[in-house]
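Comments concern the structure below.
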């Protein structure tokens with residue numbers, strides 16, 4: 001996964017946010033042709049919404065995508081036994097204290 005995220009980041013730096021987001025969406029499984037059927041309703045953002053999305057996309061690609069995908073994988077434990085539980089990450093050090 002790290003190599004894929006690095007490729008997305010490198011694409012952003014070399015080719016811009018639009019091409020990098022295409023790769024990101026494909027990596028996230030959102031690159032399909034859903035909603036492209038003839039006559040399908042399609043959301044069209046306003047110019048203000050587009051400007052806000054561009055700023056957010058730039059933030060994600062420039063500052064967040066690499067740090068937020070490099071956390072070590074940890075065990076996840078449930079905080080209760082009900083079907084609607086919350087899960088919290090547990091480091092190996094904290095699980096040894098139990």
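The lone criterion from (1) over 30 Å from residue 72 (Cα atoms); (2) exposed (fewer than 11 other Cβ atoms within 10 Å of the Cβ); (3) at pLDDT 95 or above left unmet by residue 51 is number (2).
Taken as a whole, the condition of being in contact with a strand residue (DSSP E or B) (Cβ under 9 Å, 6 or more places away or on another chain), modelled with pLDDT under 60, surrounded by 10 or more Cβ atoms within 10 Å (Cβ to Cβ) and more than 23 Å from residue 6 (Cβ to Cβ) does not apply to residue 94. Contact annotation: residue pairs with Cβ atoms under 8 Å, 6 or more positions apart or on different chains, pairing a residue in the stretch 34-52 that is part of a loop (DSSP other than H, G, I, E, B) with a partner that is modelled with pLDDT of 85 or more and surrounded by 10 or more Cβ atoms within 10 Å (Cβ to Cβ), are 45/53.
The values are calculated or read from the model by the stated rules, or taken from the named source; none is laboratory data. Computed from a predicted structure; not experimentally measured. Here Cβ is always computed from backbone atoms with ideal geometry, including for glycine, and neighbour counts include all displayed protein chains.
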